[in-house]
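The structure under discussion appears below in the form of structure tokens.
The values are calculated or read from the model by the stated rules, or taken from the named source; none is laboratory data. Predicted, not measured: the structure shown is a model, and the values here were computed from it. All Cβ positions, even for glycine, are placed from backbone atoms using ideal geometry, and neighbour counts span all protein chains on display.
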Amino acid sequence: MKPRSDLILNTLQTGAIVVGLVYGGLQLQQFRGEQQRQANIELARSFMTPEFNEAMAVVLTMPPNASEAELVANAPRLLLLMQTLEIVGVLVYQGDLDLRVADEFMGSGIVMAWTRLQPMVEAYRGQVNNPHVFEWFQWLAERIVDYDDTHPRGPAYEVQRDWRIPD
């Protein structure tokens, strides 16, 4: 039988190892959270380019049933917008970007862009016989609609009216 001091020493060593593992796990979790925050910041930056903002302005101000001539006239801008939102869709799907964050940053704009551009995308898919054209843009808009249907919320200026700077 081991002396009592060996038992105490082994217990302390085991405790130290457990505390170290718990601390390491917490640090890893904090690191992952920081990575997610950085990814969200980069997404916000990608939306802040003059070209993207101009493209979004074109989509948001065009009539719901824009003519083919209007779509063709704005094709370079619309292509930039759709490619950017295609990338965002892939990032959400792969878990690199949280759907809630994409929704809060630009959810209504994404859904409105898809609604306005869907006829053009579907026509182009038929022309090139490729159902994958802008598939992640469509997927993203549909997921945002699904999410908003199951998680309704009011506008931030109403819902967060009582928010205060944390101490």
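Listed conditions (1) in contact with a Phe, Trp or Tyr (Cβ under 9 Å, 6 or more places away or on another chain); (2) assigned to a loop (DSSP other than H, G, I, E, B) are all met by D96, apart from (1).
Can you tell me which residue among A16, A69 is loosely packed, with under 10 Cβ neighbours inside 10 Å and more than 30 Å from T150 (Cα to Cα)? Of the residues listed, the single one that is loosely packed, with under 10 Cβ neighbours inside 10 Å and more than 30 Å from T150 (Cα to Cα) is A69.
Screening the candidates G25, G109 for the property of being modelled with pLDDT of 75 or more, in a helix (DSSP H, G or I), farther than 19 Å from Q138 by Cβ and more than 11 Å from the chain's Cα centre (by Cα) yields one hit, G25. Taking first residues from segment 18-39 that are on the phi < 0 side of the Ramachandran plot and partners that are surrounded by 10 or more Cβ atoms within 10 Å (Cβ to Cβ) and hydrophobic (A, V, I, L, M, F, W, C), the Cβ contacts under 6 Å between residues at least 6 apart in sequence or on separate chains come to A39/L97. Selection of first residues in segment 139-150 that are more than 13 Å from V101 (Cα to Cα) and of second residues that are loosely packed, with under 15 Cβ neighbours inside 10 Å and aromatic (F, W, Y), restricted to Cβ pairs under 8 Å at least 6 apart or on distinct chains, gives the following pairs, ordered by first then second residue: W139/Y93. Applying the criterion of being β-branched (V, I, T) and under 16 Å from the mean Cα position of the chain (by Cα) to the residues of segment 112-167, the residue that is surrounded by the most Cβ atoms within 10 Å (Cβ to Cβ) is I144. For the structure I just gave you, tell me whether D103 is within 19 Å of A57 (Cα to Cα), charged (D, E, K, R), at pLDDT below 95 and within 17 Å of the chain's Cα centre (by Cα). Here the answer is yes, as D103 does meet what is asked. In the set (1) under 14 Å from A55 (Cβ atoms); (2) buried (at least 20 other Cβ atoms within 10 Å of the Cβ); (3) among the aliphatic types (A, V, I, L, M), the condition left unmet by V92 is number (1).
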